[in-house]
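The next block holds one structure in the form of structure tokens; read it before the comments.
The values are calculated or read from the model by the stated rules, or taken from the named source; none is laboratory data. Since the model is a prediction, treat every value here as computed from it, not as a measurement. Positions of Cβ are backbone-derived with ideal geometry, glycine not excepted, and every protein chain shown enters the neighbour counts. The protein model used for the area step is the full one, side chains on, heavy atoms only, and it has no ligands, DNA or RNA in it. Shrake-Rupley method; radii C 1.70, N 1.55, O 1.52, S 1.80 Å.
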Amino acid sequence: EEAPPAAETDATADIGEGDVTDLGDVVGDAMPDLTADLVEDLDSESVVEDASVVADVDDKTTDEEPAEVADVEETPETPDEAIATDEAAEAEAQQQAEAEAPVVQSGPFIDIFGDVLLSLEMVDETHAQVHQHYTNEALSGKKVVGLYFSADWCGPCKQFTPDLVNFYNKMNSRRGKQNEFEIVWISRCRTVDDFGQYFTQMNWLALPPNEAMGQ
């Protein structure tokens, strides 16, 4: 075998023995420069990042501040708006006062029957509900008003009542004359309970029992 060239053998030997110290020296000499460069790079990046963070914070602050100011600021009320508000409040107060004030009625029906008449509505077969009506409203548009004096303890009255109901329904179902006829029952029952039981057989109006009984 041929021996390797002497130059290559010498180079290997030089790196293995004599240049170890020199390599360390080279690395040691270069470290301060590398460290300085690294510190400078890190400082530059930190400054850039800090600047971008500050810029972001400033942008957000700038964007948010007008919204906060807009929320805090209130548009002053103009004189016209203030007047409109006062007028609306006065109108509402007047409506409430009118609703609470009693309705004043007058006329011949009020002289005869008073302010209130009653009607009865069957809720089911065993329950009924009594409604109150202002007299003038209940008799408005009626061309004929009949007064029916009757009591539950009167046998002939109880026999006649169903026939009167049929007549009442027939009169108010005539073509062109619907609901022009009305009957007001003047009770002669002895108690309010008797009044209620007997009223379930009728479909017209009634004078309140305490007024009918003179109480």
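Once R0 is set to 35 Å, what does the formula 1/(1 + (r/R0)^6) return for the Cβ-Cβ distance between LYS177 and GLN95, expressed as a FRET efficiency to the nearest 0.05? Please list the in-between numbers first.
On the way: r = 37 Å, r/R0 = 1.06.
Efficiency, from the Cβ-Cβ distance: 0.40.
Treating r as the C-beta distance of HIS131 and THR78 and R0 as 45 Å, the FRET efficiency rounds to 0.40.
Over segment 92-215, what is the percentage of antiparallel beta bridges among all DSSP beta bridges, to the nearest 5? Numbers along the way, then the final one.
Working: 8 of 17 bridges.
The answer is about 45 percent antiparallel.
For ASN203 and ILE110, FRET efficiency with R0 = 25 Å and r from the beta-carbon atoms, rounded to 0.05? The computed FRET efficiency comes out at 0.60. For CYS189, CYS157, the ranking by accessible surface with the largest value first comes to CYS157, CYS189, using a 1.4 Å probe.
Rounded, prolate or oblate: which one fits segment 119-173, using the alpha carbon gyration tensor with axes a ≥ b ≥ c (rounded when a/c is under 1.5, else prolate when a/b beats b/c, else oblate)? All intermediate terms of the calculation are to be shown ahead of the outcome.
Numbers: a/c = 1.65, a/b = 1.15, b/c = 1.43.
Oblate, because a/c is 1.5 or more while a/b does not exceed b/c.
Is the shape of segment 162-204 best called rounded, prolate or oblate, per the rule: a/c under 1.5 gives rounded, else a/b larger than b/c gives prolate, else oblate, with a ≥ b ≥ c the square roots of the Cα gyration tensor eigenvalues? Kindly include the intermediate steps, with their values, before the conclusion.
Values: a/c = 3.63, a/b = 2.75, b/c = 1.32.
It is prolate, given that a/c is not under 1.5 and a/b is the larger ratio.
Compared with the rule-of-thumb size 2.2 N^0.38 Å for a compact globular protein, segment 111-202 has a Cα radius of gyration ratio of 1.12.
In whole percent, what relative contact order does segment 95-215 give with Cα contacts below 8 Å and a gap of six or more residues? Relative contact order comes out at 27 percent. Restricting attention to segment 142-184, the count of lysine pairs at 8 or more positions apart or across chains with alpha carbons under 19 Å apart stands at 4.
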